[in-house]
Amino acid sequence: MPEVRLENVTKKYGKIVAVENVSLQVHDKEYFSLIGPSGCGKTTLLRLIAGLVQPSEGKIFIKNKLVTNIPPENREIGFVFQTYALFPHMDVWNNVTYGPRVKAWDKEKSNRIGDEMLEMVLLRDRLNAYPRELSGGMMQRVALARALAAGAKLLLLDEPLGALDAKIRFELRYDVRKLVKDLGLTAIHVTHDQSEAMAISDRIAVMKKGRILQVGTPQELYMKPQHIFVANFIGESNFLEGYVSKVAQKEITIELRGGILVQALDHKRKREEKVAVAVRPEILMIEKGKKRKENSIFGKIEKRRFEGTSIRYEIRLENGDLMVSVRPALIEKWLDVQEKVTVSFPIERTLIFTYPKKGLKEELALE
Amino acid sequence: MITVKDWGLVRFLEVLSSKRSIRGLIYACAVTFFFALILFPPILGILLKWNLIGQIFENPALMSRATSAIYASFAIALFVSIIDIIAGLPMAWFIWRRKSKWLDALDTLADIPFIVPTVALGFSIGLFWSDETQGISSLFGASLVSPGWLLIILVHFVFSYPAVVRVMVGALFDYERTYEEASKTLGAAPVTADRTVTFPILKLSFIAAFTLAFARSISETGATVIAAGTFENGPVLLNNLRTSQELGYESALVFVSFILIAVSCIIYATIRILGPKLKIPVRKVWPVAERKLSSHGLTNLRNISTLLVFFVLILIPSLFVALPTVNAVLNGTLNQALSSTGIWQGYWQSISLSYGIAFVATLLNTIVGLPMAVLIARKRLGGLPSTVLDVLVNIPMIVPSIALGVSLSIFWSNFPFVPEIGLLLFAHLAITYPYFVRSMSAAIERVDMDLEEASKTLGAKPFTVFRTIILPLTKYSLFAGAIMMFTRSVGETGATVAVVSKLKTVPVLLVEWIKQTGLATPMEIGLGCGFLIILSFIILLILRGTVRGRH
């Protein structure tokens, strides 16, 4: 069964470390995504699994077999490239049946699989077209059909939807997942688009600077990010700087700038520790006037932006910090700019991170 | 009002360039120059003597000599080009996939035979293969390869191989690796991937490399004359006829030149039209056999034999002439040469003539070739006329150089006021022109149109766009093209022999030294060639210097 296991894999290009000491396990029939900002090493990791590049250190197993020294053509994988890499001198049919042909399957079987694959991606009627005659979405489907026709049970996708228009991209991502699930494949999908990864993955690995920061289901990454970068990269977060002023049995109290006190459920912190308090914009409530309740801070609305389904407020807090709140646009009554408000957030949704040594900006930087 | 003086020359040109009429005038000048000096004289000369062509049909002996020489020319060219592709492809592969620093050096070494004047190459290779006192033949006590068709093939292989490798390396560097990777992830063995994906995609470049090798082989004269012995191909026959001035030679000259020009043009046109339609079979696959061919052992064997061919057949024979040069230092010939006594006075005069002509031709062609390159690359005249120009520009390169020279001298003999040095310059202009315009128009074509448009939207005038966008981005090709013209001019023999009687460029002088026994000792010839190789090597290093920083 095509499960993939990486043990301490490192890839260096001269002095540049593209992938650093990565260990990872992708289960059989899992839809797994690798995400991270550009240059984080996610594509290199995928190419390592495919055998298109060789690791400097470490071991790679596919189906429990060590494949580190096996060339890509013998790894039984399907790879979909960001640019599709459809052979320009071959028509759709010859592109799709290329795998069966070079693997010398008998003619009848090759033809049957070619038919099936084109049927599946709804391109039976275009089998004599050349890649240059196809639209982006069609090319993507041919690339997928070609990768699957070679009989691979492990599908590697490198930004497979990256070159498409937003709307088509949105539709196709569910098609790809359905295909993988229907055929019982294992898929590893590289993308920089966190919403895409959240929507289709069973599990996600978040990468930064060649390392994996966290692996988990979309919900885990969103609700319980273990790294401050993950809290910002998956979804969005407000960060407030503060010190732990009191540690109780269940909850701790943090003193923010200007002496404001908030509480969170985190008992592992020490007194006087410098921390960053993270609050997601979508849980930040806003009310008119001054109200006293748990984790509430006074402030004034500085900006308001209409974003279609939601409305986005920027609130200047009484201590000078800035927070963003995103509210459903058509359900709640809109508040005006300059309005005095109280923002509040539930204790159990308040996340605490050790304040990064290099500073917040540096730690959250995407490049 | 702002005067020209305030703005400086550059500003003045920029202002001028926004006038349509001025731009038109510059392009018109470039096109006129091309037709009047580069394209027509080499063809019209032959046509002017058309009435003589009948004579050769009354001279069966000469006729049979002519036809077998023409046949030999094409047979050799075809054979050499095929061998070039077979031997050059793995080498280009090897350089492209370079995994260590020393392959960089290999890349430079592969260029040497390209830049060494062919006469020196021919002499060096002859020394290596057929002189029984030196070279490889001394081991056997007899000439291993006597002068004749086999030696010609060896010489042609040596000087066309680097051109083929260069073109193919360029194509491979432009090639999108993803196609090959895609093929491998679908289960294709490396050999299968190359054959069914990489080669078909690079087909046009391979055809270009083939045409280049073919044209070089058909037209080369200097080295061929040295390697020929009593054997005759087209250029050798023309050269022999000119030297001997036997009865009816003019008629044979016109006849052979015409056939060589006409057939070369037909072959070139055929390749150009049919090349893109040529299908490389990709449907059939032999997975087991190709998997075996891709094995580690066989890949290593292929790499080793590639290197072996390169060193034994190309590099060592090319530089073999340097050995007597070492002796020359010891026995005083070097001193004589440097103090320019005896035959050396003529040698140094020829050197200055060669390099002087090369410099002037390079400069002139660069100036008038640039607008032409823009015209072709940006299709300023519209699709069809630009394509026609693109094809016409190649003609002086595919025409055998001696035929070109013959035609040129016939044409200009109608204008007796043109001095010999003028003829020499015209011949060199015509021969070198295509090398520059071809590489330059290709380079300009690669400059993204968006950059040009961005520059225009920011307020740049046409000349400013050219000066600040196109030139800096094509600098490498400009230098490379100029140096190619320069070296080609220094090494040029065929056309030069045909147009001069008193003036002697270095290759012409060296052919004379080699052909007329008693004129110079082997040591002196070796040293004469050695100087040329050293000078060429310096030029190669300059070229490498300009290329640095590109990758």
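The values are calculated or read from the model by the stated rules, or taken from the named source; none is laboratory data. Here the structure is a predicted model, which is why all the values come from computation and not from measurement. Note that we place each Cβ from the backbone using ideal geometry, even for glycine, and neighbour counts take in every protein chain shown.
I'd like to check something: does region B:186-204 contain any residue that is touching a Ser or Thr at 6+ places or on another chain (Cβ under 6 Å) and outside any helix (DSSP H, G or I)? Yes. Selection of region A:144-164 for residues being closer than 13 Å to A:ILE35 by Cβ, modelled with pLDDT of 90 or more and away from chain B (no Cβ under 12 Å) yields only A:GLU159.
Scan region B:143-158 and tell me whether some residue there is in contact (Cβ under 8 Å) with a residue 60 or more places away in the chain, of a type in the set (S, T, N, Q) and assigned by TED's automatic domain parsing to the domain that holds B:ILE218. Yes; the residues of region B:143-158 include at least one that is in contact (Cβ under 8 Å) with a residue 60 or more places away in the chain, of a type in the set (S, T, N, Q) and assigned by TED's automatic domain parsing to the domain that holds B:ILE218.
Report the residue count in region B:259-285 for those that are in a helix (DSSP H, G or I), under 18 Å from B:PHE206 (Cα atoms) and touching a residue at least 12 places away in the same chain (Cβ under 8 Å).
Start the filter on region B:259-285 by keeping residues that are in a helix (DSSP H, G or I), which leaves B:259-277.
Then keep just the ones that are under 18 Å from B:PHE206 (Cα atoms); that gives B:267-277.
Restricting the remaining residues to those that are touching a residue at least 12 places away in the same chain (Cβ under 8 Å) gives B:267-269, B:271-272, B:275-276.
Total satisfying the criteria: 7.
The set of residues in region B:157-185 that are more than 28 Å from the chain's Cα centre (by Cα) and of a type in the set (Val, Ile, Thr) comprises B:THR178, B:THR185. Taking region A:144-229 as the region of interest, the helices (runs of 4 or more DSSP H) fully inside it that hold 2 or more residues being without any contact (Cβ under 8 Å) to a residue 12 or more places away in the chain are A:166-183, A:218-223.
Could you please let me know if B:ARG166 is assigned to a helix (DSSP H, G or I), over 27 Å from A:ALA50 (Cβ atoms) and either at the interface with chain A (Cβ under 7 Å from one of its Cβ atoms) or among the charged types (D, E, K, R) (or both)? When the stated conditions are applied, B:ARG166 passes them. Just one of the listed residues (B:PHE231, B:PHE159) is more than 14 Å from chain A (Cβ to nearest Cβ), in a helix (DSSP H, G or I), modelled with pLDDT of 85 or more and touching a Leu at 6+ places or on another chain (Cβ under 9 Å), and it is B:PHE159.
The condition (being assigned by TED's automatic domain parsing to the domain that holds A:GLN214, more than 17 Å from A:ALA152 (Cβ to Cβ) and not in a loop (DSSP other than H, G, I, E, B)) is satisfied by just one residue among A:ARG47, A:ARG132: A:ARG132.
Only helices (runs of 4 or more DSSP H) whose full extent lies in region B:463-551 are considered here, and the ones with at least 2 residues that are without any contact (Cβ under 8 Å) to a residue 60 or more places away in the chain, surrounded by fewer than 23 Cβ atoms within 10 Å (Cβ to Cβ) and on the phi < 0 side of the Ramachandran plot are B:471-491, B:522-547. In the list B:VAL326, B:VAL236, B:VAL288, B:VAL256, which residue meets the criterion of being more than 14 Å from chain A (Cβ to nearest Cβ), of a type in the set (A, V, I, L, M), more than 30 Å from B:ASN394 (Cα to Cα) and part of a helix (DSSP H, G or I)? Checking each option against the conditions leaves just B:VAL326.
The residue that is surrounded by the most Cβ atoms within 10 Å (Cβ to Cβ), counting only those in region B:261-285 that are within 14 Å of chain A (Cβ to nearest Cβ) and in contact with a helix residue (DSSP H, G or I) (Cβ under 6 Å, 6 or more places away or on another chain), is B:VAL285.
Checking each residue in region B:169-183 for being under 24 Å from A:ARG47 (Cα atoms) and either in a helix (DSSP H, G or I) or more than 10 Å from chain A (Cβ to nearest Cβ) (or both) picks out B:LEU172, B:PHE173, B:ASP174, B:TYR175, B:ARG177, B:THR178, B:TYR179, B:GLU180, B:GLU181, B:ALA182, B:SER183.
Only one entry in B:LEU186, B:LEU202 is of a type in the set (A, V, I, L, M, F, W, C), within 14 Å of chain A (Cβ to nearest Cβ) and in contact with a Gly (Cβ under 7 Å, 6 or more places away or on another chain), namely B:LEU186.
Hey, any hits in region A:92-106 for a residue that's of a type in the set (Asp, Glu), under 28 Å from the mean Cα position of the chain (by Cα), at pLDDT below 90 and assigned to a loop (DSSP other than H, G, I, E, B)? No, region A:92-106 contains no residue that is of a type in the set (Asp, Glu), under 28 Å from the mean Cα position of the chain (by Cα), at pLDDT below 90 and assigned to a loop (DSSP other than H, G, I, E, B).
Residue pairs whose Cβ atoms lie under 7 Å apart, separated by 6 or more positions or on different chains, with the first residue in region A:92-115 and free of Cβ contacts under 8 Å to residues at least 40 places away in the same chain and within 11 Å of chain B (Cβ to nearest Cβ) and the second part of a helix (DSSP H, G or I) and surrounded by fewer than 19 Cβ atoms within 10 Å (Cβ to Cβ), are A:VAL102/B:PRO287; A:ALA104/B:PRO287. Look through A:LEU52, A:LEU48 and report the one residue that is in contact with a Pro (Cβ under 7 Å, 6 or more places away or on another chain) and either within 10 Å of chain B (Cβ to nearest Cβ) or of a type in the set (Val, Ile, Thr) (or both). On inspection, the qualifying residue turns out to be A:LEU52.
Screening region B:210-269 for residues that are of a type in the set (A, V, I, L, M, F, W, C) and within 16 Å of the chain's Cα centre (by Cα) and picking the one that is farthest from B:PRO42 (Cα to Cα) gives B:PHE210.
Just one of the listed residues (A:ARG257, A:ARG305, A:ARG292) is surrounded by fewer than 16 Cβ atoms within 10 Å (Cβ to Cβ), over 14 Å from A:THR350 (Cβ atoms) and touching a strand residue (DSSP E or B) at 6+ places or on another chain (Cβ under 6 Å), namely A:ARG305.
Here is the figure for region B:450-462: residues that are in contact (Cβ under 8 Å) with a residue 60 or more places away in the chain and part of a helix (DSSP H, G or I) total 1. In summary, A:GLU73 fulfils each of the numbered conditions (1) within 14 Å of chain B (Cβ to nearest Cβ); (2) part of a loop (DSSP other than H, G, I, E, B); (3) at pLDDT below 90 with the single exception of condition (2).
Here A:GLN82 passes the criteria (1) of a type outside the set (Gly, Ala, Ser); (2) under 17 Å from A:LYS153 (Cα atoms); (3) facing another protein chain (nearest Cβ under 10 Å) except the one numbered (2). Within region A:50-70, the set of residues being assigned to a strand (DSSP E or B) and within 25 Å of A:GLN214 (Cα to Cα) comprises A:GLU57, A:GLY58, A:LYS59, A:ILE60, A:PHE61, A:ILE62, A:LEU66.
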